[in-house]
Structure formats: structure tokens, C-alpha cells
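The values are calculated or read from the model by the stated rules, or taken from the named source; none is laboratory data. No experiment lies behind these values; they were computed from the predicted model shown. Here the Cβ positions follow ideal geometry from the backbone for every residue, glycine too, while neighbour counts run over all protein chains shown.
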Amino acid sequence: MTVWDRPEPSNRPVPLDRAGIVAAAVALADEGGLEEVSLRKVAARLNAGPMRLYGYISTKEELFDLMVDEVHAEILPAEPPGDWREALRGHAVLTRQAALRHEWLADLLGGRPALGPHTLAATEAVLAALDGLADVDTVMRAVETVSAYTIGAIRREIANLRAERASGLSDREWQRAHGPHVTTMLATGRFPALAKVVHDGTEVDAATSFATGLDWVLDAVAAHLSRR
């Protein structure tokens, strides 16, 4: 039986429910990452004994599942998308925005399907927009392709943000600090393609990079769907 199927116990002697537990866990993760989330710390924030939480949540993994589903409420579209492309783009953009608000989400995206009500509703909105455009297997491959790009791009962006905080250097400061080494290596002539990128390439921010890559992936999906 999943955590969503199990009934909640009585809230006495201390008022307690899963929604409050999940809210406290999300707040802890937002403040210090997933490593800050433990049933003991969540219980302390709620002024409850740690053993009380086991009546609502059996494992930390269940708590993580609930946290992911809670954040998926932020990924649900405000209104039905106009078409499949808008649905896939909107889901990707809202997922990125949620991950920037809750960086720990990047560590939990992917893997086995999440089964919470908000997550299922977000998935339903995407699949409904693609319904009838192709056979079910083609639709699933399209969704998986966009999802793989989205998750990879988000994890890369979050990893960069964490590295920036850990080093205390912005991207520009890091580039200046490592510039002499890169210049020396490129001067050897061993990396002509890389040198061209470094000298002639245009640097863009993370949001622009994400949007551009997403459009390219959607273009590829559109081309495949048109052939079907």
C-alpha cells in the first residue's frame, strides 16, 4: 500500500497531519538541501516526537515522494494548454522554475514514475494534449525525450549554481581565474575546435540556453510526429 493509500492516524495528542509534515520537510530542504531532511528534524520543527511521524510516513523515501508531489502542484498548468507543443514546453519551463525555487528537486527527478496526485495530474495534462496525434508508444517516446532533456538541463544548471556557491566565485570570476590555463592549453594548437568555440562563441545565460535547447528538441519531436 502506498503512502497515498494509507489512512492517516488520529492527530492526538499533538495536532499533526501529512500536509504539515510535508510542508516542514520542504522548508528544511529549501533551507539546507535534502541532507537536512530527517524525521527527527521534521518532528522537531513540528514540536512532535519523532515516533509520532511513523504513523504518517514509514520511511524517508516516502517523505521524499510526498515532497516531490507537493512541488508538482507548482508545475500544474494554470489552464489547459492550447496544443501539444505548448503543453510540453509549459511543463518543461514550470519544472525548471520549480527546481530553481526548490533546488533539491533536481536530485529527485527521474527514476521510477512518481505516483502522487499532483504529479499524475501534471502528466495527464501533457498526455491529453498529445492524445490522438500518434500511437501511444510514439506519444510516450516524445514525452520521454522532452523529459530527458529537461531533467538533464535542470541538473546541469543546479550543479553550476551549487559550484558557484561552494567556490564563492561567479561564472565570470571563475572564468577569469582559469583563463590563463585555458589560454595556455589552446595555444598548443591541440584543440582547434574548442579554441573556435572559446574565441568566437556567444555566451548566453542559463534561461536562454534552456529555452533554445528545448525548442530544438520540440522541433525534432514535431518533425517525427509529422512523419507519423
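Name the one entry in Val197, Val139 that is more than 25 Å from Ala223 (Cβ to Cβ), modelled with pLDDT of 85 or more and not charged (D, E, K, R). Talk me through it step by step, then tell me what you get.
Numbers: Val139 fails: more than 25 Å from Ala223 (Cβ to Cβ).
Result of the check over Val197, Val139: Val197.
Test of understanding: among Val143, Val126, which residue is under 27 Å from Ala73 (Cβ atoms) and in contact with a His (Cβ under 8 Å, 6 or more places away or on another chain)?
Values: Val143 fails: in contact with a His (Cβ under 8 Å, 6 or more places away or on another chain).
Every option except Val126 fails the conditions.
When you scan segment 47-142 for helices (runs of 4 or more DSSP H) that lie fully inside it, which ones turn up with 1 or more residues that are within 16 Å of the chain's Cα centre (by Cα)? Please lay out each step first, then the result.
Working: elements: 50-53, 60-72, 84-101, 105-108, 117-130.
Because the criterion is at least 1 residues that are within 16 Å of the chain's Cα centre (by Cα), the helices (runs of 4 or more DSSP H) in segment 47-142 that meet it are 60-72, 84-101, 105-108, 117-130.
Going by the structure shown, is Ala166 under 27 Å from Ala106 (Cα atoms) and in contact (Cβ under 8 Å) with a residue 40 or more places away in the chain?
Spelling it out, it is not the case that Ala166 is under 27 Å from Ala106 (Cα atoms) and in contact (Cβ under 8 Å) with a residue 40 or more places away in the chain.
Could you run through segment 34-46 and say how many residues are free of Cβ contacts under 8 Å to residues at least 40 places away in the same chain, surrounded by 14 or more Cβ atoms within 10 Å (Cβ to Cβ) and either of a type in the set (Asp, Glu) or in a helix (DSSP H, G or I) (or both)?
7
If you check Ala148, Ala121, Ala114, which single one turns out to be closer than 30 Å to Pro15 by Cβ and at pLDDT 90 or above?
Being closer than 30 Å to Pro15 by Cβ and at pLDDT 90 or above holds for just one of Ala148, Ala121, Ala114, which is Ala121.
Out of all the residues in segment 79-88, is one or more over 28 Å from Ala222 (Cβ atoms) and aromatic (Phe, Trp, Tyr)? Let's see the steps before the verdict.
We begin by selecting, within segment 79-88, every residue over 28 Å from Ala222 (Cβ atoms); these are none.
Scanning segment 79-88, I find no residue that is over 28 Å from Ala222 (Cβ atoms) and aromatic (Phe, Trp, Tyr), so the answer is no.
Condition test on Glu31, is it in a loop (DSSP other than H, G, I, E, B) and modelled with pLDDT of 95 or more?
Details: in a loop (DSSP other than H, G, I, E, B): no; modelled with pLDDT of 95 or more: yes.
Here the answer is no, as Glu31 does not meet what is asked.
Looking only at segment 216-228, filter to residues that are surrounded by fewer than 12 Cβ atoms within 10 Å (Cβ to Cβ) and under 26 Å from the mean Cα position of the chain (by Cα); which one of those is farthest from Ala148 (Cα to Cα)? Spell out how you get there, then give the answer.
First pass over segment 216-228, keeping only residues surrounded by fewer than 12 Cβ atoms within 10 Å (Cβ to Cβ): 216, 219, 223, 226-228.
In the following step, the residues that additionally are under 26 Å from the mean Cα position of the chain (by Cα) were identified as 216, 219.
Numbers: Trp216: 13, Asp219: 15 Å.
Within segment 216-228, the match that is farthest from Ala148 (Cα to Cα) is Asp219.
For segment 177-194, which positions are surrounded by 11 or more Cβ atoms within 10 Å (Cβ to Cβ) and either under 33 Å from the mean Cα position of the chain (by Cα) or aromatic (Phe, Trp, Tyr) (or both)? Working first, answer last.
Of the residues in segment 177-194, the ones surrounded by 11 or more Cβ atoms within 10 Å (Cβ to Cβ) are 177-179, 182-183, 185-186, 191, 194.
Across segment 177-194, the qualifying residues are Ala177, His178, Gly179, Val182, Phe191, Leu194.
How many residues does segment 1-28 hold that are modelled with pLDDT of 90 or more, under 18 Å from Ser58 (Cβ atoms) and surrounded by 16 or more Cβ atoms within 10 Å (Cβ to Cβ)?
Qualifying residue count for the region: 6.
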